[in-house]
Amino acid sequence: MDRDASLKALVGLRTVIGLSVWLSPRPTAKLFGIDPRRNPQAPYLGRLFGARDLALAYGTFAEQADGGTRWLATGLACDLADAAAAFAGGRSGYLSTVTAVMAGGTALGAAALGAVALRGAELPPAASG
């Protein structure tokens, strides 16, 4: 997969997930194995996550024109943190194994797309000291 394809896939994934969680937080939570009836704050937290994913999608899309990498690097850091959080949740038992795998796998997939896009980016020259 080349840089352009990974960028398009990443922006599309972030947009779909972000809109889904923002517009329909309860059904989306259920898809990931989270029970909003047992955790009534889940829709609020989901919408926070959705807003973040939409912001990352927009920033990554807008930055494509000038070949920038800041939004990609920021998104990659968020995705790796999300994967670590899913792993920690599964290990601690407050996320089911299915939820931890689904959430962590989605985050790792997004991280992989971001890494491919970053690898294909032209990096700016190093600043001289």
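The values are calculated or read from the model by the stated rules, or taken from the named source; none is laboratory data. In this text the structure is predicted, and so the values were computed from the model without any measurement. We place every Cβ from the backbone using ideal geometry, glycine too, and count neighbours over all the protein chains shown.
Of Leu54, Leu45, Leu76, Leu80, which residue is in a helix (DSSP H, G or I), more than 10 Å from the chain's Cα centre (by Cα) and not acidic (Asp, Glu)? Of the residues listed, the single one that is in a helix (DSSP H, G or I), more than 10 Å from the chain's Cα centre (by Cα) and not acidic (Asp, Glu) is Leu45. Of the residues making up the range 49-77, those that are of a type outside the set (S, T, N, Q) and over 14 Å from Thr15 (Cβ atoms) are Glu63, Ala65, Asp66, Gly67, Gly68, Arg70, Leu72, Ala73, Leu76, Ala77. Residues that are at pLDDT below 95, surrounded by fewer than 16 Cβ atoms within 10 Å (Cβ to Cβ) and more than 18 Å from Ala115 (Cβ to Cβ): does the range 14-26 have at least one? No, the range 14-26 has no match at all. Does the range 70-77 contain at least one residue that is of a type in the set (A, V, I, L, M) and buried (at least 18 other Cβ atoms within 10 Å of the Cβ)? Within the range 70-77, one or more residues are of a type in the set (A, V, I, L, M) and buried (at least 18 other Cβ atoms within 10 Å of the Cβ). Being modelled with pLDDT of 95 or more and either charged (D, E, K, R) or more than 23 Å from Ser6 (Cβ to Cβ) (or both), is that true of even one residue in the range 100-120? Yes, that holds for at least one residue.
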